Amino acid sequence: MKFILDNWALILAALSSGLLLIWPAIRGAGGGSLTPAAAVQLINREKAVVIDVCDAAEHAAGHVAGARHVPLAQLADQLPTVVKNKETPVIFVCQSGTRSGSAARMARGLGYTRPLSLGGGLASWRTASLPIEKG
């Protein structure tokens with residue numbers, strides 16, 4: 001007990017750093033995050049649909065080849081018309097992976113069973129030297 005009282009600051013720091021390490025896993029529970037290679041496998045093997053949730057200017061500057069553009073602000077209204085089968089894997093992409101994580105959680109709320117977010121966003125897709133379209 002004396003150790004705990006004497007070192008309460010160190011114990012608090014250890015607990016805080018542990019929580020910060022597991023926070024991304026807890027926060028990302030709504031929609032899985034996947035690597036570019038795993039995304040390509042889903043697209044090729046299971047006909048996953050890629051949805052770009054960036055704004056119009058970002059989408060025009062570059063997006064995953066074949067991705068459909070549905071801005072995050074319009075996702076709840078447009079997703080049911082773009083992806084009718086709620087069992088289909090849906091891969092959401094944005095520039096960094098933040099908005100796509102929100103989109104995956106939103107899609108799960110709309111009843112989609114396999115919403116996923118591309119980890120690292122378009123930047124990770126480019127790093128993997130995968131095809132990008134402009135316009």
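The values are calculated or read from the model by the stated rules, or taken from the named source; none is laboratory data. What you are looking at is a predicted structure, and each value in this text was computed from that prediction instead of being measured. Cβ placement follows ideal geometry from the backbone for every residue including glycine, while neighbour counts extend to all protein chains displayed. Quick note on the areas: whole protein, heavy atoms, side chains included, nothing else; ligands and nucleic acids left out. Shrake-Rupley method; radii C 1.70, N 1.55, O 1.52, S 1.80 Å.
Would you mind stating whether ASP52 is among the charged types (D, E, K, R) and within 21 Å of THR127 (Cα to Cα)? Considered against the rule, which asks whether it is among the charged types (D, E, K, R) and within 21 Å of THR127 (Cα to Cα), ASP52 comes out as yes. Once region 26-49 is narrowed to residues that are at pLDDT below 90 and over 17 Å from SER96 (Cα atoms), the residue that is least open to solvent (accessible area, probe 1.4 Å) is GLY30.
Is it the case that ALA56 is aliphatic (A, V, I, L, M), over 15 Å from LEU42 (Cβ atoms), open to solvent by 20 Å² or more (accessible area, probe 1.4 Å) and touching a residue at least 60 places away in the same chain (Cβ under 8 Å)? Answer is no for this residue. Criterion applied to LEU110, LEU12 was being free of Cβ contacts under 8 Å to residues at least 40 places away in the same chain, over 17 Å from the mean Cα position of the chain (by Cα), open to solvent by 30 Å² or more (accessible area, probe 1.4 Å) and more than 25 Å from ILE132 (Cα to Cα), and the one residue passing it is LEU12.
Residue under question is ILE91, and the condition is that it be on the phi < 0 side of the Ramachandran plot and out of contact with any helix residue (DSSP H, G or I) (no Cβ under 6 Å at 6 or more places or on another chain); does it hold? The answer is no for ILE91. Just one of the listed residues (VAL64, VAL93, VAL83, VAL70) is open to solvent by less than 50 Å² (accessible area, probe 1.4 Å) and touching a Pro at 6+ places or on another chain (Cβ under 8 Å), and it is VAL64. Taken as a whole, the condition of being more than 11 Å from the chain's Cα centre (by Cα), touching a residue at least 40 places away in the same chain (Cβ under 8 Å) and either under 18 Å from THR35 (Cβ atoms) or open to solvent by less than 10 Å² (accessible area, probe 1.4 Å) (or both) does not apply to ALA103.
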